[in-house]
Structure formats: C-alpha cells, structure tokens
Amino acid sequence: MKEILKEVIEERAQELKGMAKKIWDNPELGYEEFFASKLQSDYMEKNGFAIREVLNLPTAFIAEYGEGGPVVGVLGEYDALPGFSQLEGVTFKAATESENPNGHGCGHNLLGVAGIGACLAIKEAIDRGIVRCRIRYYGCPAEELLTGKVRMEEEGVFKDLDLALSYHPSDKNAVWAMKTPAMIRANFNFEGTEAHAGYNPEDGRSALDAVELMNIGSNYLREHMSRTSRIHYTITDGGKAPNIVPGEASSSYHIRSESKESVEALYERVVKVARGAAMMTETEVEVDFIGEIYDYEPSNVLKGVAKENLEFAGKILLTDEEKNYARELSATIDPKMRERARKAIGLEEEEVFSTRKIMIEVEPVGGATDVGNVSYIAPTIIISTACMPAGISPHSWQATASFGSELGLKGMIHGSKAMAGTIWDVCTDRELLERIIKDHREKALKQG
Ligand SMILES: [Zn+2]
C-alpha cells in the first residue's frame with residue numbers, strides 16, 4: 001500500500017520539477033523570497049492545504065492538512081546565494097544575461113519543493129484513511145543568513161511538533177546523522193574620538209585600534225578553546241581615511257562550537273576580549289548580538305527509519321544524455337575531489353553520479369544550519385539525495401548548474417519519496433513514534 005506514495009509523487013513530478021525550476025530561474029536572497037514563497041503557498045492552497053502567515057516574516061508561511069494524530073513538520077527553504085548566477089545547461093562557468101546576480105548554489109530551489117512532494121503524498125494517504133496525522137509544511141526564509149528558523153521559532157511556530165523532517169540536495173543519498181556546530185553571530189561597534197592624524201593625534205582615540213586589538217585578543221583565544229570551535233571575523237568599518245583618527249569602527253564575528261552550551265561560553269569570552277580592547281584604547285564598545293543557532297541533534301531513531309526509506313525510494317534513473325551531462329560537469333572539478341567522493345560513496349569504476357548507494361553520515365561537519373534550533377524542540381532528521389555528481393562542492397557554479405538540471409530535479413523527486421516513506425512509517429506505527437519521542441526527551445535539550 002505504501003507504494004501509493006511513490007505513485008502520487010511520480011504523478012506530480014512534472015509539476016514539482018516545474019516549480020523547482022522556476023525558483024532556480026528566479027533566485028532570491030534571504031527575506032526577499034517573495035516569488036518563491038508565493039509560488040509554493042499558492043500551490044499548497046490549490047491542493048487543499050490551509051495557509052497561515054507568520055507574523056513579521058512576509059516570506060515565511062505554513063501550510064497544513066489533516067486532523068488528529070501526530071503533528072509532522074516538513075521544513076522547506078528557498079533562498080539563493082549572492083553571485084552564482086549560472087547559465088542553464090552548459091558545463092562551464094557563465095552568468096546569465098539577466099540583471100539578477102544571484103544563484104541557487106546550495107540547491108534551495110529543490111529543498112522546499114522536495115518537502116512539498118512528500119506533503120502531497122501524505123495528504124493522499126490521509127484522504128484514503130491509511131495515515132492519520134497533521135502534515136505541516138513550513139516555508140522557511142533566509143537559511144543562508146542562518147536566521148529564518150530562529151525568527152520563526154520566536155513566533156512559537158514549531159512548539160507543537162511531534163517530529164520534523166528536512167531535506168538537502170547533495171552529491172549523495174544519505175541520512176544526516178552527524179552533528180553540525182552551534183553558532184553565534186555578533187557585530188562589535190567601537191566608538192572613539194576623531195582627530196587629525198597628523199595635527200593632533202594625541203586628542204584622538206582610535207576605534208580602529210580597538211577593532212584590531214580585539215582581533216588580536218581573539219586570535220590568542222584560539223589556543224585555549226576546544227578543537228572544534230571556530231572564530232571568524234571581518235572588519236566591516238575600518239574608518240574613513242588614514243589622516244583621520246577613526247571615531248567609529250566595526251567588526252563582524254561568527255563563533256562556532258560543538259554545542260549550544262559551549263558556543264555561548266566561548267561567545268562570553270569573545271565579549272570580554274572586546275571590552276578589554278575598548279578599555280585599552282579608551283573607546284566604547286556596543287555589542288550587537290545578531291542571533292544564535294543551535295547544533296543539529298539528529299534523532300537516533302529517525303535516522304534508521306530514514307535510511308530504510310531511502311531504500312524504499314529506489315533508484316534515480318538517468319538517461320544517457322543526463323549521464324553525459326554529469327560526466328562533463330564532473331570533469332570540471334579537481335580529480336582528487338572527485339576520487340575522494342567516489343570512494344566515500346562507493347561508486348563503481350567510471351560512475352560519477354550516485355543513483356542508489358545510501359550512506360549514514362556521522363562525521364561532524366563545520367557548516368551550521370538553523371534546522372538545529374528545530375532539533376532542540378522536536379525529534380528531527382535531515383535526508384539528502386544525490387542532485388549533483390560526486391565531489392562537487394555546494395556553493396560552486398557546478399552545484400548551481402546541476403541543481404537547475406534534470407540531475408537535481410530527479411534527485412529532488414527521489415528525496416520526496418524518501419521523506420514521504422519516513423512519515424508514513426512513523427504515522428502508522430504508534431510504538432515507533434513513542435520511541436522517537438522518548439529518545440528525544442531523554443536528550444533533555446535546553447532551549448533559550
Ligand atoms: Zn543549504
């Protein structure tokens with residue numbers, strides 16, 4: 001009976017691919033995704049889902065269907081990256097002729113739509129009386145800015161979830177069972193006293209000195225922080241001209257660490273360094289805390305269910321033409337990267353695209369995601385599917401090209417099937433759902 005999920009998704013495949021392609025053709029940055037969010041919410045409304053807006057976030061929305069049973073959240077995204085404008089169908093780097101310089105280098109054109117496919121299949125199962133749940137699609141803005149879900153969380157929209165699923169295009173079919181770091185972003189704005197740098201520098205107090213001393217202090221911190229912690233910064237305002245003692249200067253910091261707790265502790269130390277730099281230079285510092293995202297805590301139980309459902313999804317079938325395109329695209333990357341990825345995935349000789357091999361990823365990664373915040377609230381799992389040749393890095397022109405091609409679109413449909421299957425399993429097995437919830441409760445993750 002579960003086969004109906006795949007049938008519904010196959011029936012809808014052209015519509016879903018069309019939607020993902022339109023979003024690829026109109027890349028929008030975080031909080032500006034008016035085209036993508038409207039396209040998706042109109043489609044969900046047309047398909048019988050009730051649409052809810054999210055206060056203060058015009059490019060966020062929630063679409064829900066079903067009554068009773070567990071509340072299942074499917075997290076979608078649709079924001080693009082600056083740059084990465086890429087001409088369709090070619091295997092070299094070339095921006096489009098449009099004035100829009102953005103591009104879908106992270107494949108978020110596929111990310112949300114994969115979730116929509118899963119929601120439609122589950123709706124069919126609800127209508128046939130097989131599955132009982134409230135299926136809820138979240139249109140989440142600005143993942144690349146790492147604040148979209150944090151701001152949605154502030155509106156309390158994830159509170160009643162029993163479980164959450166997300167999806168990400170990748171070069172492999174995998175369950176994300178690894179940790180991602182927690183991260184805090186903050187700006188440090190120093191204020192000193194302007195003066196003529198030649199005529200009366202003794203009257204000046206340089207805000208730029210404070211910025212530089214803060215950076216030096218932070219660099220000395222590195223020896224005394226955990227191995228997985230990271231500090232990165234840029235100077236966003238370094239003064240106006242060398243002959244003016246800068247009265248204002250600013251820096252922007254990203255601080256990462258393995259958990260919410262440890263990133264907060266490290267952030268406190270960086271703030272002390274900033275205050276020390278201000279004291280040394282007789283300037284004032286204003287700390288502008290931008291936001292915190294938590295480490296992603298994958299559900300121990302859901303990861304097994306997700307793996308079984310990547311198997312249920314079957315195989316990605318490519319035409320000869322698509323295989324050729326994959327080979328040509330793959331030939332543009334460093335062969336070392338390709339070989340490393342092929343080996344990790346376990347691809348056969350001459351194979352460059354993973355059509356069926358399934359992995360459980362456990363090695364912690366350096367990149368953070370705001371799905372982490374949801375994983376503190378409800379048991380969460382992220383599924384990825386192959387949408388580009390092995391070894392291509394996300395945030396590259398090759399990735400952008402692949403995510404706008406049949407390789408990406410077929411991978412996305414594969415992802416819809418795996419997600420729908422996972423939801424089906426959990427919603428038709430009370431005992432499994434209870435185990436998932438119990439496992440999450442035992443982790444005792446503290447928010448706020
Ligand atoms: Zn992404």
**Asked** What do you get when you divide the Cα radius of gyration of segment 1-76 by 2.2 N^0.38 Å, with N the number of residues?
**Response** 1.24
**Prompt:** Tell me, what % of the accessible area of the chain is carbon and sulfur with a 1.4 angstrom probe?
**Reply:** 50 percent
**Prompt:** Short version: ³J(HN,Hα) in whole Hz for each residue of segment 414-422, in order, from phi by Karplus 6.51 cos²θ - 1.76 cosθ + 1.60 (θ = phi - 60°), x for Gly and Pro, what are they?
**Reply:** 4, x, 4, 5, 5, 5, 4, x, 5
**Fill in**
Sorted by chain and then number, the residues having a modelled amide H within less than 5 Å of the amide H of THR380, at least 5 places away or on another chain, are ALA164, SER299
**Prompt:** Taking H as built 1.01 Å from N, whose amide H comes closer than 5 Å to the amide H of GLN86, not counting residues under 5 places away?
**Reply:** THR96
**Request:** Let me know the longest stretch in the chain that avoids all trypsin sites (Lys or Arg not before Pro) found in a DSSP loop with at most 16 other C-beta atoms within 10 Å.
**Result:** 3-92
**Prompt:** Where the Cα atoms of segment 385-448 are projected onto their three principal axes, how long is each span, largest first, in whole Å?
**Reply:** 42, 32, 19
**Asked** Using a 1.4 Å probe, what is the accessible area per residue for the chain, in Å²?
**Response** 44 Å²
**Fill in**
Taking every C-alpha to C-alpha distance in segment 276-349 and binning by 10 Å from 0, the per-bin percentages run 12, 20, 22, 18, 12, 12, 4
**Message:** Exposed loop sites here are GluC sites (Glu not before Pro) in DSSP loop states with at most 10 other C-beta atoms within 10 Å. What is the longest stretch of the chain lacking them?
**Reply:** 100-347
**Message:** For the chain, what does the helix formula give at 222 nm: sum of -39500 (n - 2.57) over DSSP H segments with n ≥ 4, over the residue count, nearest 500 deg cm²/dmol?
**Reply:** -13500 deg cm²/dmol
**Item:** Cα extents of segment 1-154 along the three principal axes, largest first (Å)
**Value:** 49, 36, 21
**Complete:** Using alpha carbon centers only, segment 233-287 is separated from segment 84-119 by a whole-angstrom value of 35 Å
**Complete:** Stretched fully, the stretch from THR236 through ASN47 gains (0.36 nm per residue minus C-alpha distance, one decimal, in nm) 63.4 nm
**For HIS232, solvent-accessible area (1.4 Å; no DNA, RNA or ligand), Å²** = 70 Å²
**Request:** Scan the chain and report its longest stretch carrying no chymotrypsin sites (Phe, Trp or Tyr not before Pro) that are both in a DSSP loop and have at most 16 other Cβ atoms within 10 Å.
**Result:** 200-448
**Asked** How big is segment 286-326 on each of its three principal axes, counting only the C-alpha atoms and giving the largest first in Å?
**Response** 59, 32, 8
**Message:** Run the lone-cysteine check on the chain: no other Cys C-beta under 4.7 Å from the residue's C-beta.
**Reply:** CYS106, CYS119, CYS140, CYS387
**Asked** Can you give the relative contact order of the chain as a percent, counting alpha carbon pairs under 8 Å and 6+ residues apart?
**Response** 23 percent
**Taking only Cα atoms of segment 330-384, radius of gyration then Dmax in Å** = 15.0, 43
**Prompt:** Extension gain GLU154-ARG275, at 0.36 nm per residue separation less the Cα-Cα distance, in nm?
**Reply:** 40.7 nm
**segment 182-293 - Kirkwood radius from inverse mean 1/r over Cα pairs (Å)** = 14.2 Å
**Request:** Pull up all non-local amide H partners of GLY291: gap of 5 or more, or a different chain, and H-to-H distance under 5 Å with H placed in the peptide plane.
**Result:** ARG185
**Prompt:** In the chain, if every C-alpha pair distance is counted and binned at 10 Å from zero, what percent goes to each bin?
**Reply:** 5, 20, 28, 24, 14, 7, 2, 0, 0
**Complete:** Residue by residue through segment 170-177, the couplings from Karplus 6.51 cos²θ - 1.76 cosθ + 1.60 with θ = phi - 60°, in Hz, x for Gly and Pro, are 7, 9, 9, 8, 8, 9, 7, 9
**Asked** Given the pairs LYS21/LYS159; LYS179/LYS315; LYS323/LYS343, which are separated by over 21 angstrom at their Cα positions?
**Response** LYS21/LYS159; LYS179/LYS315
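The values are calculated or read from the model by the stated rules, or taken from the named source; none is laboratory data. Note that the structure is predicted; figures quoted are calculated from it, not measured. Here Cβ is always computed from backbone atoms with ideal geometry, including for glycine, and neighbour counts include all displayed protein chains. With ligands, DNA and RNA removed, areas are computed over all heavy atoms of the protein, side chains included. Shrake-Rupley method; radii C 1.70, N 1.55, O 1.52, S 1.80 Å.
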